[in-house]
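Student: Would you mind keeping the following structure in view while I ask a few things?
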Amino acid sequence: MPWTKVFLSKDEMERTLAQPGLRAITYCDAILEAQRQAMETDGRVFLMGEGVDDPGGIFGTTLGLVDLFGKDRVMDIPLAENGMTGVAVGAAAAGMKPVFIHMRNDFLPMCMDQLVNHAAKWFYMTGGRVNIPLVVRAIIGRGWGSAAQHSQAFHSLFTHIPGLKVVMPATPYDAKGLFFAALDDGNPVMFIEHRWAFGSVGYVPEEIYRVPIGTGIVRRHGTDVTVVAISQMVYEAMAAAAQAEEDGIDIEVVEPRTLKPLDQEVILSSVRKTGRLIIADVACRTGSVAAEIACRVCEAEPEILKAPVRRVCFPDAPTPAGPTLEQAYYPDSSSILEAVRDLVAENRAFRKPIQRSS
Amino acid sequence: MPWTKVFLSKDEMERTLAQPGLRAITYCDAILEAQRQAMETDGRVFLMGEGVDDPGGIFGTTLGLVDLFGKDRVMDIPLAENGMTGVAVGAAAAGMKPVFIHMRNDFLPMCMDQLVNHAAKWFYMTGGRVNIPLVVRAIIGRGWGSAAQHSQAFHSLFTHIPGLKVVMPATPYDAKGLFFAALDDGNPVMFIEHRWAFGSVGYVPEEIYRVPIGTGIVRRHGTDVTVVAISQMVYEAMAAAAQAEEDGIDIEVVEPRTLKPLDQEVILSSVRKTGRLIIADVACRTGSVAAEIACRVCEAEPEILKAPVRRVCFPDAPTPAGPTLEQAYYPDSSSILEAVRDLVAENRAFRKPIQRSS
Amino acid sequence: MSDLKQPGHMDTQLLMDLYRTMIKIRRFEEKIIDVYGVQDMKTPVHLCIGQEAVAAGVCANLGTDDYLFTNHRGHGHCLAKGMSPASLYAEFYGRTNGCARGKGGSMHPVDPDLGILGTSAIVGGVIPLAVGAALAAKLQDTQRVAVAFFGDGASDEGAFHESLLFASLKELPVVLVCENNFYAVNSPISARQPDDSIVRFAGSYRIPGVQIDGTDVLAVHGAARTAVDRARAGEGPTLLECRLYRWRGHVGPECDYPKGCRPKEELEQWMERCPINNFTRFLLERGVTTERGMERVRNEIDATLDEALCLARQSPFPAGEEASAGVYYERA
Amino acid sequence: MSDLKQPGHMDTQLLMDLYRTMIKIRRFEEKIIDVYGVQDMKTPVHLCIGQEAVAAGVCANLGTDDYLFTNHRGHGHCLAKGMSPASLYAEFYGRTNGCARGKGGSMHPVDPDLGILGTSAIVGGVIPLAVGAALAAKLQDTQRVAVAFFGDGASDEGAFHESLLFASLKELPVVLVCENNFYAVNSPISARQPDDSIVRFAGSYRIPGVQIDGTDVLAVHGAARTAVDRARAGEGPTLLECRLYRWRGHVGPECDYPKGCRPKEELEQWMERCPINNFTRFLLERGVTTERGMERVRNEIDATLDEALCLARQSPFPAGEEASAGVYYERA
Ligand SMILES: Cc1ncc(C[n+]2csc(CCOP(=O)(O)OP(=O)(O)O)c2C)c(N)n1
Ligand SMILES: Cc1ncc(C[n+]2csc(CCOP(=O)(O)OP(=O)(O)O)c2C)c(N)n1
Ligand SMILES: [Mg+2]
Ligand SMILES: [Mg+2]
């Protein structure tokens, strides 16, 4: 299906889409278009964020929107992240649908009180009487020495907070489709983007559509190892799969797309088949979503594992600045490939293989 | 050993300690004493927090200290949690050893920028030139309708942040010993207490001692099921074990005591023996430390599991206010017991039990 | 301060409403004290006895549509805005008929039909929310005004400042009402701020700030009217500082001076300035009503509150399953 | 503003030091522009060209022991406090000889031997840290003073307010230096605050606030001296607002008007007020030095900086393993 496909090269993309005459745009443009259409069709929607109306336009994702919708709906704001998040929450409670945009996830810790203690709890704490339709867009930065305070990822933290949803599109198609799903969800949704996915190109319908929150997808079918890949890691996993093919190893790439709720079934049914699980995430290892995914498997059917689980994550260290350090810090397709090879070589017997009861 | 023992009743405690003439004090008093001794022996130590010097004395843990050390070292502060955390970080960088005290974990989200973006990263980001010796004490609240904003637990979040350590004492002995370990660690340490542990009594030596950060402990030896219990859940797990004994089920209770670093070996060696793992935590299920613990087992030796892993956690919901809701919300010894019984009835065969390679 | 004090301008109806509201709040809180010892109202109560004039004076200027946000000490504000005592009491008892179906307790009252969009017990937490509701009102081109009630403690918080900055920048229809009772729990303002006047912050945000005797309901009413009118006219926010005193302990039904939290003399001095007694004297002096008339009001209110308590206690408890339900909004 | 301007009070050494520091900063930044196109200095640089007078004027009042905290735009402050250009350049190149061993890059300079205890690129992040260092200085009974440099954007943040509140409350020895260049990235202060003066906040914290022409090094020096003296004498904090302009784009080596970020005319007007040119004229007029003398200074500095760049480039890269090491302090 063109809308599930991940393209690693422009060539491949053009070959696939050109023939049926399907439109291909970037992840960045998909988000730009989604916001434009949302504002065209729903007067309650407005964008707020530091520099949303400036010539940079949030890495291009808000470019030109201020000309179409004016400064009230494409609203530059003071550098006051927690307070402004509260403003968004209050506006949402009073019937608006704010989209709060952060150029880096690193600024989210400043908003934690309003996100965690307010937005997340409001619907529950009011006995279901007031909901908060809020989308928080936050982009994970990477590279060129961004260093410890400009390249963090916190999606795992948000999955621990009841009341929040967490979505993390990797492809242009999902970026647009999940944006609309998030916007119409009626709950506070963390919409986490990755800067390195912005240039990726794929099929994106012009009309408005939704990708359901809570539905993962198999990006590549395979039989030997399941690689659950989050966000930009989808591209690394697909590249690893292409390389592994040469070794005769058949990787299945599964993308959860949304982390809370998490589509546990798409992961389980893959691991049932492969018996081997690697989770690749764009975040530090300990306490990551990768841990939650591994845990879900052992809660449900640990017996399907024929090898240890592997996490391909950032190390438990802040992001370094220098190029040699960055290079070592970030896992990529070869880190995944290495894990794949290790696992394929592993075949552990479980100590007491007894029949499953009931 | 008296210092590893968890007492469920005063009776049992008195029986055990009276004879060898060992001193028994509460968890609350253990922390009070630790802080007093720390300030007596180290001029760099000072306490700061909202109401530290007031007649309530942070549920008794700072009572009387202002009379001994004055308002400069037992410092009431404005309600400005993020800024004041930054003040603590700056003071630590400049050679002090602040202990920042929060009456509830719920106020920690306000401090996230300073904890996550500053304290945690400082040592790494300065190339190891400036360390931050900071202890953040934060108490988990519970009960009497505390509700969604006064009973949260966030320890899992902090384990995901490189540069922070997270300790979580359950017993009076560990409360004092871990306090000194945290204070002398030289890194920012989240020292997470549980309000319901405050009254528990146990052996606490008068002299200063340290419980090493990163060392878990087996609280009760058993052969059938491993219950890894965190913080106040240790008491629930011990009670469950006592009850299970009557059913002829022999529970091993393991307490990590510190969550980052985590003593993986004490957990693994227990599960190697029992084959069954339950993790009981005082936090919401998804994204909890329980997930990390389960993941560690599947990363290391998934073949030792003869049954699915179980998490006994709070549901993925904010804390409700009303008594019937609170009652349903919080897991207790009977929730653990139920999980234990389920698991003992389970014996799953792993699909392809092949020999372990290498 | 208020021309309501001028004989020529007396609006008897309004004056009696203010009296009625203050009595309702006082008695509402006192009934909590009465029943609290039974230990079945399991919720941490932050009573506003002594602070009734602010709730009454401000809310008398608000319409049903206007937004109200308050904090942990919010019973009075919600009653003044028109909330049913029964829905509050039932909430405190954790029952299904509570305004938040037993999920919120005393610290999180809500009534969207009255513009009470929810309450936060995080100090300073609702200030930006009120500003956000005001932003919504402006973007939606309604005439609604938003009010935030908060304590002196909240003005320690960065969120207070971020909110004032934005409210002023966008000239939002919001009234920021600080109830300065000089304490945050047991910490005196002198341990937290270099000056005990909160109104001093208004200037740096280029908005009007008014310092009021928070025990004088007419003073509060007058200042609030100006602020609400200003907001409704699109002229932006106002900061009102109402100076007053909390008579009871920070939380719970008791007085706190026996525990050494605050000096007894301080309480006694402020009790001399009881907002209800003073207003009562005023009403009698001006002949707005009689002792009999007031007794009738008090009896009426008492009866209503007793009935509310009764209703609350008869309301069923939510089933345990509810604890993990209702976390996410689902579209119908 | 400063009596350094009075002929009788001229301290030639000091004047030349101020000149030298400003030249060093300007040339340090210009050399980054020169090499940046090669794309091997892989770090986001926030240049302070146009803002040199503040770094020079403030730091001339500080001793080695005094603490300095700065933000993303901190090269100049660190140089003025005495940091070795080589340790900065090497850091920007991600080398082991960098001040943070290649882990921090351009946004996180550090030199504890000079009281530079680390730098945060979170807007407003270091203000409370500086206040904390000042608290330490006071508790330790030293004579140290802490300085925080930050932009107008940082004064939007709640952390700024929380810091001022506490610094004032405890009368801490800290000088808060706001470089108001009227923009945060491309957002003009008019889109963020109701007023473009930052000094207006001082009053509500009951501390002195001084607004200064941030292009006039002697004005800065004088105001900073008063503030530092005050702090050292235990009289508490001061807020200095230095009004000036950043000549280059927010980040990177280029000018930003071609991208439409700011008006070209604005830049041109401010370039007329070049802090170095103006001070050069002043020095020549007063006969403090000659064209020749200044050329010598410039050449000397240029040579030092070229050597520093060379050294930096020769420094080895850290091994990849270092990326995950050094996360936690370990006692020796
Ligand atoms: C952010 C935060 N910090 C601390 C607390 C604990 N707390 C609850 S009420 C309160 C005092 C608030 O004082 P004030 O705002 O003056 O209101 P008052 O109780 O005096 O009406 C404190 C510190 C909290 N709820 N939230
Ligand atoms: C909390 C936070 N929000 C946003 C950013 C992104 N950011 C980096 S610098 C900057 C502008 C800062 O403006 P100002 O404080 O005036 O300093 P200037 O760059 O003008 O020197 C912004 C918004 C950040 N680093 N931290
Ligand atoms: Mg107060
Ligand atoms: Mg600026």
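The values are calculated or read from the model by the stated rules, or taken from the named source; none is laboratory data. Computed from a predicted model, the values in this text were never measured in an experiment. All Cβ positions, even for glycine, are placed from backbone atoms using ideal geometry, and neighbour counts span all protein chains on display.
Student: Taking helices (runs of 4 or more DSSP H) that do not extend beyond the range C:134-242, which have at least 3 residues that are more than 30 Å from residue C:266 (Cα to Cα) and either in contact with a Gly (Cβ under 8 Å, 6 or more places away or on another chain) or in contact (Cβ under 8 Å) with a residue 24 or more places away in the chain (or both)?
Tutor: C:158-169, C:217-232
Student: Can you find, within the range B:150-190, the residue that is nearest to residue B:38 (Cα to Cα) among those that are among the hydroxyl-bearing types (Ser, Thr, Tyr) and more than 14 Å from chain A (Cβ to nearest Cβ)?
Tutor: If we take residues in the range B:150-190 being among the hydroxyl-bearing types (Ser, Thr, Tyr) and more than 14 Å from chain A (Cβ to nearest Cβ), then B:173 is nearest to residue B:38 (Cα to Cα).
Student: Take the range C:111-127 and flag every residue that is closer than 13 Å to residue A:94 by Cα and either in contact (Cβ under 8 Å) with a residue 60 or more places away in the chain or facing chain A (nearest Cβ under 7 Å) (or both).
Tutor: Listed by number, the residues that qualify are C:112, C:117, C:118.
Condition check ((1) at pLDDT 95 or above; (2) out of contact with any Cys (no Cβ under 7 Å at 6 or more places or on another chain); (3) not polar (S, T, N, Q)) across all residues:
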site	(1), (2), (3)
B:4	no, yes, no
B:9	no, yes, no
B:14	no, yes, yes
B:17	no, yes, yes
B:32	yes, yes, yes
B:35	yes, yes, no
B:38	yes, yes, yes
B:41	yes, yes, no
B:48	yes, yes, yes
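Student: Any residue in the range B:305-323 that is away from chain C (no Cβ under 14 Å) sitting within a Cβ distance under 8 Å of a residue that is part of a loop (DSSP other than H, G, I, E, B) and of a type in the set (A, V, I, L, M)? List the pairs, counting only those 6 or more apart or interchain.
Tutor: The qualifying pairs are B:306/A:354.
Student: Considering only the range C:271-279, I want to know if a residue exists there that is assigned to a loop (DSSP other than H, G, I, E, B) and not aliphatic (A, V, I, L, M).
Tutor: Checking the range C:271-279: at least one residue is assigned to a loop (DSSP other than H, G, I, E, B) and not aliphatic (A, V, I, L, M).
Student: From A:145, A:141, A:57, A:90, which residue is modelled with pLDDT of 95 or more and within 20 Å of residue C:117 (Cβ to Cβ)?
Tutor: Of A:145, A:141, A:57, A:90, the one residue that is modelled with pLDDT of 95 or more and within 20 Å of residue C:117 (Cβ to Cβ) is A:90.
Student: Is it the case that the range C:160-182 has a residue that's within 12 Å of ligand 3 (Cβ to nearest atom), within 14 Å of chain D (Cβ to nearest Cβ) and of a type outside the set (A, V, I, L, M, F, W, C)?
Tutor: no
Student: Is the range D:201-214 home to any residue that is on the phi > 0 side of the Ramachandran plot, surrounded by fewer than 24 Cβ atoms within 10 Å (Cβ to Cβ) and within 13 Å of chain C (Cβ to nearest Cβ)?
Tutor: yes
Student: Of everything in the range B:96-137 that's outside any loop (DSSP other than H, G, I, E, B) and over 22 Å from the mean Cα position of the chain (by Cα), which residue is farthest from residue D:332 (Cα to Cα)?
Tutor: B:113
Student: Could you check the range D:147-158 and list, in sequence order, the residues that are more than 16 Å from ligand 1 (Cβ to nearest atom) and closer than 21 Å to residue B:81 by Cβ?
Tutor: Of everything in the range D:147-158, those that are more than 16 Å from ligand 1 (Cβ to nearest atom) and closer than 21 Å to residue B:81 by Cβ turn out to be D:148, D:150, D:154, D:155, D:156, D:157.
Student: Could you list, in sequence order, the residues of the range B:316-336 that are crowded, with 22+ Cβ neighbours inside 10 Å and aliphatic (A, V, I, L, M)?
Tutor: Matches in the range B:316-336: B:317, B:321, B:325, B:336.
Student: Next question, about the same structure. Restricting the range C:181-236 to residues that are farther than 21 Å from residue D:207 by Cβ and charged (D, E, K, R), which is farthest from ligand 4 (Cβ to nearest atom)?
Tutor: Ranking the qualifying residues of the range C:181-236, first place goes to C:216.
Student: Now, a different point. Which residue out of D:216, D:195, D:229 is under 19 Å from residue D:151 (Cα atoms) and away from ligand 2 (no atom under 16 Å from the Cβ)?
Tutor: D:216
Student: From the list A:164, A:183, A:178, exactly one residue is closer than 18 Å to residue A:289 by Cβ and touching a helix residue (DSSP H, G or I) at 6+ places or on another chain (Cβ under 6 Å). Which is it?
Tutor: Unique residue meeting the criteria: A:164.
Student: Which residue out of B:141, B:145 is surrounded by fewer than 24 Cβ atoms within 10 Å (Cβ to Cβ) and either within 28 Å of residue C:94 (Cα to Cα) or within 16 Å of ligand 1 (Cβ to nearest atom) (or both)?
Tutor: B:141
Student: Looking at (1) closer than 30 Å to residue A:63 by Cα; (2) away from chain A (no Cβ under 14 Å); (3) among the small types (Gly, Ala, Ser), find the lone condition where residue D:303 falls short.
Tutor: Of everything listed in (1) closer than 30 Å to residue A:63 by Cα; (2) away from chain A (no Cβ under 14 Å); (3) among the small types (Gly, Ala, Ser), residue D:303 misses just condition (1).
Student: Tell me, which residue of the range C:80-103 that is more than 14 Å from chain B (Cβ to nearest Cβ) and farther than 19 Å from residue C:252 by Cα is surrounded by the most Cβ atoms within 10 Å (Cβ to Cβ)?
Tutor: Taking the candidates together, the pick is C:80.
Student: Here is a further query. For the range A:118-130, check the following and say yes or no: at least one residue is away from chain B (no Cβ under 11 Å) and of a type outside the set (A, V, I, L, M, F, W, C).
Tutor: Checked against the condition, which is being away from chain B (no Cβ under 11 Å) and of a type outside the set (A, V, I, L, M, F, W, C), the range A:118-130 yields at least one hit.
Student: Can you tell me which residue among A:174, A:72 is away from ligand 1 (no atom under 16 Å from the Cβ), assigned to a loop (DSSP other than H, G, I, E, B), over 28 Å from residue B:159 (Cα atoms) and out of contact with any Ser or Thr (no Cβ under 6 Å at 6 or more places or on another chain)?
Tutor: Criteria check complete, one pass: A:72.
Student: Follow-up. Do we find that residue A:96 is of a type in the set (A, V, I, L, M), within 14 Å of chain C (Cβ to nearest Cβ) and touching an Asp or Glu at 6+ places or on another chain (Cβ under 7 Å) in this structure?
Tutor: No, not satisfied.
Student: Still on this model: Which of the residues belonging to the range B:238-258 are of a type outside the set (A, V, I, L, M, F, W, C) and in a loop (DSSP other than H, G, I, E, B)?
Tutor: The answer is B:247, B:248, B:250, B:256, B:257.
Student: If you go through the range B:131-149, how many residues are facing chain A (nearest Cβ under 8 Å) and touching an Asp or Glu at 6+ places or on another chain (Cβ under 7 Å)?
Tutor: 1
Student: Inside the range B:284-300, can you point out the residues that are at the interface with chain A (Cβ under 7 Å from one of its Cβ atoms) and in a loop (DSSP other than H, G, I, E, B)?
Tutor: B:286, B:287, B:288
Student: If I ask for residues that are within 13 Å of residue B:66 (Cα to Cα) and either more than 16 Å from ligand 3 (Cβ to nearest atom) or loosely packed, with under 13 Cβ neighbours inside 10 Å (or both), which ones from the range B:40-55 would you list?
Tutor: Within the range B:40-55, B:40, B:46, B:47, B:48, B:49, B:52, B:53, B:55 qualify.
Student: For the range D:8-101, please list each of the helices (runs of 4 or more DSSP H) lying entirely inside it that holds at least 3 residues being within 12 Å of the chain's Cα centre (by Cα) and not aromatic (Phe, Trp, Tyr).
Tutor: In the range D:8-101, the matching helices (runs of 4 or more DSSP H) lie at D:12-36, D:52-59, D:75-80.
Student: What do you reckon, is residue A:118 at negative phi and without any contact (Cβ under 8 Å) to a residue 40 or more places away in the chain?
Tutor: yes
Student: Only one of A:218, A:228, A:254, A:204 is buried (at least 24 other Cβ atoms within 10 Å of the Cβ), farther than 15 Å from residue A:312 by Cβ and not basic (Lys, Arg). Can you tell me which?
Tutor: Going through A:218, A:228, A:254, A:204 in turn, the sole match is A:204.
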